[in-house]
1. Determine, for 486, 547, the number of other Cβ atoms within 10 Å of each Cβ, and report the residues in order from fewest to most.
2. Of 52/187; 104/434; 28/187; 187/434; 403/543, which ones are farther than 31 Å apart at the Cα?
3. Sort region 78-165 into rounded, prolate or oblate with this rule: let a ≥ b ≥ c be the square roots of the eigenvalues of the Cα gyration tensor; rounded if a/c is under 1.5, and if a/c is not under 1.5, prolate when a/b is larger than b/c, oblate otherwise.
4. Shape verdict for region 41-193, please, from the Cα gyration tensor: rounded (a/c under 1.5), prolate (a/b greater than b/c) or oblate.
5. What shape does region 430-563 have by the C-alpha gyration tensor, where a ≥ b ≥ c are the square roots of the eigenvalues, rounded means a/c under 1.5, and otherwise prolate means a/b greater than b/c and oblate the rest?
6. What net charge do the residues around residue 81 carry, taking every other residue with its C-beta under 12 Å from that of residue 81, with Lys and Arg at +1 and Asp and Glu at -1?
7. From a point 7 Å beyond the Cα of residue 499 in the direction of its Cβ, which residues of region 519-534 have a backbone N at a distance under 17 Å?
8. Work through the residues other than residue 441 whose Cβ is under 13 Å from its Cβ and net out their charges, Lys, Arg +1 and Asp, Glu -1.
Amino acid sequence: MAQVQRMSRLMVKTLRDDPADAETLSHKLLVRAGYVRRTSAGIWTWLPLGKKVLENVARVVREEMDAIGGQEVLLPALLPREPYDASGRWDEYGDLLFRVKDRKGADYLLGPTHEEIFTQIVKDQCSSYKDLPVILYQIQTKYRDEARPRSGVLRGREFQMKDSYSFDTTDEGLVESYGLHREAYQKIFARLGLDYRIVSAVSGAMGGSASEEFLAPAAAGEDTFVDCPACDYAANTEAVTFALTPVEGVEHGPVEELDTPDTPTIETLAEHLGVPASATLKNLLVKVDGEIVAVGVPGDREVDLGKLGEHLAPAVVELVTAEDFVGRADLVRGYVGPQGLDKVRYIADPRVAPGTAWITGANKADKHARNVVCGRDFEVDDYLDVVVVEEGDPCPACGTGLKMDRAIEIGHIFQLGRKYADTFQLDVLGQNGKPVRVTMGSYGIGVSRAVAALAEQSADSQGLCWPREVAPADVHVVAAGKALQTELALDVSEKLGAAGVRVLVDDRAGVSPGVKFTDSELIGVPQILVAGRRSAEGVLELKDRRTGEREELTVAEAIARLT
Ligand code: ATP
Ligand code: MG
Ligand code: MG
Ligand code: MG
C-alpha cells in the first residue's frame with residue numbers, strides 16, 4: 001500500500017511568477033512548484049513535495065553505499081575546533097567556515113566536511129588490520145559560508161551531503177575502495193537519471209592526490225570542463241594544469257641566467273637582451289633569486305626595464321622569453337588578470353614543461369591563486385605554465401580538438417592517502433605485529449544539489465519533469481470537473497495506492513481544471529491521469545509528462561498500465 005497524497009490536504013502553494021532573485025531554472029521551478037522556500041541567503045526549507053524528492057535521492061545513495069559495504073553513521077554537525085586546528089583546516093578554510101562560540105567562549109565550527117572526525121573515530125574503534133578495510137558514510141547537513149550562495153539549493157550555505165570515508169592498510173586497498181565508490185557513484189547517478197561525466201579534478205582543500213569529479217552538464221553549472229571527442233580524456237578546467245604529462249620530443253624553453261657577482265644593472269640586462277635600456281618588453285619573464293619580479297605578455301602587460309632597478313640584487317637573475325615559458329603566450333592574458341584562480345580556464349599545453357604551473361601575477365605578493373597552496377600543490381620555486389583553455393584546443397592525451405561545457409559538480413571522490421592519518425597518528429596493528437599507518441579516501445555527493453541538478457536537466461518550458469525514481473509520486477491523478485470526477489479520481493487513486501503506486505491526487509474543490517493542469521505540469525510527476533469529460537463512462541486520460549503523449553483508458557486499463 002503506497003501513499004495516496006491528496007492535494008486538498010497538502011501544503012503546497014504554487015506560484016505563477018518566477019521569484020525575483022532567481023537566475024537558474026531549477027531555482028525558479030523548485031520555488032514556483034512549491035518544493036522549497038528560501039529562509040535566508042543560501043538557507044532553504046524543504047516543503048513536503050521537496051522533502052520527498054530529497055529523500056528519494058538519499059534512498060538511492062544509501063542503497064548503493066550499503067551495496068559496497070558502507071556502514072551508515074551520523075556524526076555531529078557542530079564540531080570542536082581542535083581537530084581542525086590539528087589538520088590546519090581551521091585556518092585554511094578561511095571565510096568558508098562557520099565558526100561559533102559556546103557560552104564559555106570555546107571555539108566550535110559547523111562541519112563543512114568531516115575527514116578529521118572520521119579519522120578520530122576510526123582511531124578509537126579500530127586497532128588491528130583485521131578491523132580494516134572499512135567504509136563509513138553519513139547523509140548529513142553541511143555548512144559552508146559560500147561567497148555567492150545564488151542558484152537556490154544548487155549552492156547552499158547549509159546543504160545535504162553524503163560523505164563517506166574509506167580506511168585501508170595498503171595503497172592497493174585504497175585504490176580498491178576508491179574503485180568501489182566510483183562504481184557505486186556510476187550506479188547512483190544512472191538510477192537518479194542524471195546525465196553526467198567523470199572528469200579529472202583538483203583535490204582542493206581536501207589535500208591528497210588522485211581525485212575525480214562527477215559533473216552533470218547544465219547551463220546553470222559553475223564548473224567548466226573539457227571533454228575529448230576522440231578519447232576518454234575529460235577534466236575540470238581547474239584541473240587540466242595539474243594533469244600535465246610529458247610530451248615526447250618537446251623541450252622546455254631555455255632559461256637564461258645572468259649569474260653576475262655584482263648587482264646587475266638595467267644596462268647589463270638591456271645589453272644581454274640586445275635592447276635599449278628604456279625598452280618595454282612583452283615577451284619576458286624576470287626572476288630574481290627565484291622570485292618572479294616582472295612578466296610581460298603580448299597584448300596585456302609589459303616589462304618596463306627601467307622599473308626593474310628596485311628588484312635587482314647580487315643574485316641570480318633569470319630571463320625567460322614568453323615564447324619559451326608558455327607555448328602560447330597570448331593565452332596567458334586571461335590568467336594574469338584580477339580574477340581568482342577558480343575563475344580562470346586552463347589547458348595543458350603539450351609544449352609546456354610538465355609539473356609546472358604559472359601561479360603568480362607580476363610578483364608573488366599579488367598572488368591570484370585561491371585554491372592553490374604553495375608547497376602543497378607545487379614547489380614554491382617552480383612557476384607554473386598555465387595557458388587558458390579554449391574550445392578546440394588540443395587534447396593533452398591525443399591532440400584532438402577539445403569540447404568545452406558548463407556543468408554542476410554533483411560528486412567528488414578523492415584518494416587522500418595518509419594526510420589525515422599522519423595528523424592523527426592513525427595506525428593499526430599489522431599482520432607482522434607492527435603498527436601500520438592507515439590510508440584514506442573521501443567521497444562526497446551533493447544530495448540536495450542533485451535535486452537541483454535533476455531539475456536543471458529534466459525541466460521543460462512547462463515546469464519540472466522528474467525521472468520516476470526521484471519523483472514525489474509515480475502518478476498525478478487530476479480530478480478535472482465536479483463531484484463525479486473527484487469521486488472517480490479518488491477511487492482510482494485508492495486502487496493504484498493499494499497496488500503499490502505512489503499517487504498524488506488533485507482533489508482540490510473550487511480549483512479550475514485549467515489551474516490543476518498547469519500545476520500538474522509544473523510539479524512534474526512523470527504520469528498524469530485525468531478524470532475529465534468521459535468520467536461518467538469510466539474513461540480516463542493518461543498523459544506522459546515528458547513526451548506529452550495522451551491516451552484514453554478505462555479504469556482497469558489505467559491501473560494495469562501504471563502498476
Ligand atoms: P563546489 O566546487 O561546487 O564549490 P566543492 O568542490 O567545494 O563544490 P566538495 O568539497 O567536493 O565540494 O564536496 C562534495 C560535494 O558536495 C560536491 O561535489 C557537491 O556536489 C556538494 N556541494 C559542495 N558545496 C555545496 C554547496 N554549497 N551546496 C550544495 N552542495 C554542495
Ligand atoms: Mg566549494
Ligand atoms: Mg569543486
Ligand atoms: Mg569538489
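A short reminder: the numbers here are calculations on the coordinates, not readings from a lab. Bear in mind that the values here come from a model prediction, so they are computed numbers and not experimental data. Using ideal geometry, Cβ is built from the backbone for each residue, glycine included, and neighbour counts are taken over all protein chains shown.
1. So the ranking, lowest neighbour count to highest, is 547, 486.
2. Listed pairs above 31 Å: 104/434; 187/434; 403/543.
3. Here region 78-165 falls in the oblate category.
4. oblate
5. Prolate, because a/c is 1.5 or more and a/b exceeds b/c.
6. Net charge around residue 81: -3.
7. 526-531, by backbone N distance to the label point.
8. Taking every other residue near residue 441 into account, the sum is -4.
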